[in-house]
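Before any comments, here is the structure.
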């Protein structure tokens with residue numbers, strides 16, 4: 001089942017005896033477990049029928065003992081095991097999983113890594129309950145996820161603002177939701193979130209950000225490039241060098257690909273480059289006028305070199321400070 005399907009069933013009070021939530025993205029695991037903890041039982045039922053355990057503190061016998069208890073004045077009892085990946089004898093729960101109590105909702109939260117579900121225990125979990133693999137989103141999936149999340153808050157968001165948040169916050173959904181909730185707290189229902197709102201409430205500049213730098217590079221606007229780099233140098237925590245290099249590497253890789261697709265229809269190019277709008281494609285086409293295929297190859301090599309320097313490898317630059325590396329790198333990119 002998908003994340004949305006599981007939450008949909010839970011909201012309809014359709015429960016399963018076992019939920020095994022595992023994977024590298026903790027946000028989805030926490031959200032499902034929290035929903036069950038807060039909504040499966042009425043408040044008056046929880047004190048006798050709900051228990052939260054932690055994998056580092058319990059063994060399989062303690063989990064089974066709690067799971068086999070019948071509910072008191074309630075249809076269900078709930079047993080949530082957080083950090084289940086820390087249980088040394090997790091697989092010994094097999095005896096209970098083979099014959100779970102119908103009245104118990106057992107939630108096992110196995111975070112930060114996927115569990116091998118091809119094992120006997122894994123197959124038994126899938127047979128007797130719900131197994132959900134919580135995977136991290138890819139970079140290009142985050143803006144759409146932001147659109148979907150913010151719509152449930154009664155707000156809208158412009159593509160530019162969603163891209164800006166995704167670029168600066170990465171794929172950490174807990175961090176992203178924290179900032180989106182902050183925006184929802186300050187804005188009225190029906191508001192469309194713009195880059196101005198992001199700058200005011202999140203602290204990401206709409207004028208000095210990686211997208212504006214890419215736009216300036218597309219048009220080879222040296223004055224604007226210099227102003228943005230100067231701002232980045234003054235605010236290194238908001239614009240970490242490694243993040244800037246990673247974003248520029250992605251940008252120039254697409255420029256390089258476009259050299260081989262420049263005569264293809266826009267719709268095909270947009271799809272192959274993974275661009276979300278025709279407007280973005282115009283920026284990349286503008287970059288072709290200033291960066292030949294050979295120059296683009298050279299820039300990608302420069303970015304790889306400075307990525308290693310930023311990580312402390314082969315640092316032969318004039319200085320070790322990120323600001324010095326950033327200015328030096330950009331001089332080599334635009335000249």
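The values are calculated or read from the model by the stated rules, or taken from the named source; none is laboratory data. These figures come from a predicted structure and were not determined experimentally. Cβ coordinates were reconstructed from backbone atoms using ideal geometry, including for glycine residues, and neighbour counts include every protein chain displayed.
For residue 61, indicate whether it is assigned by TED's automatic domain parsing to the domain that holds residue 125, at pLDDT 95 or above and under 32 Å from the mean Cα position of the chain (by Cα). Show your work before the answer.
Details: assigned by TED's automatic domain parsing to the domain that holds residue 125: yes; at pLDDT 95 or above: yes; under 32 Å from the mean Cα position of the chain (by Cα): no.
No: the conditions fail for residue 61.
With respect to the conditions (1) part of a helix (DSSP H, G or I); (2) closer than 29 Å to residue 119 by Cα, residue 45 lacks only one, and its number is (2). When residue 104 is tested against (1) at pLDDT 95 or above; (2) closer than 30 Å to residue 178 by Cα, only condition (2) is not met.
Only residues that are in a loop (DSSP other than H, G, I, E, B), at negative phi and either touching a strand residue (DSSP E or B) at 6+ places or on another chain (Cβ under 6 Å) or in contact (Cβ under 8 Å) with a residue 24 or more places away in the chain (or both) were counted across segment 48-76, and they come to 12.
Here's the yes/no breakdown for (1) in contact (Cβ under 8 Å) with a residue 40 or more places away in the chain; (2) surrounded by 16 or more Cβ atoms within 10 Å (Cβ to Cβ); (3) under 12 Å from residue 208 (Cβ atoms):
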| position | (1), (2), (3) |
| --- | --- |
| 230 | no, no, yes |
| 233 | yes, yes, yes |
| 236 | yes, no, no |
| 244 | yes, yes, yes |
| 253 | yes, no, no |
| 260 | no, no, no |
| 263 | no, no, no |
| 268 | no, no, no |
| 273 | no, yes, no |
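Give the number of residues within segment 124-146 that are touching a strand residue (DSSP E or B) at 6+ places or on another chain (Cβ under 6 Å) and within 25 Å of residue 166 (Cα to Cα). So the count comes out to 4. Among the residues of segment 279-292, some residue qualifies, meaning at least one is part of a helix (DSSP H, G or I), surrounded by 13 or more Cβ atoms within 10 Å (Cβ to Cβ) and under 24 Å from the mean Cα position of the chain (by Cα).
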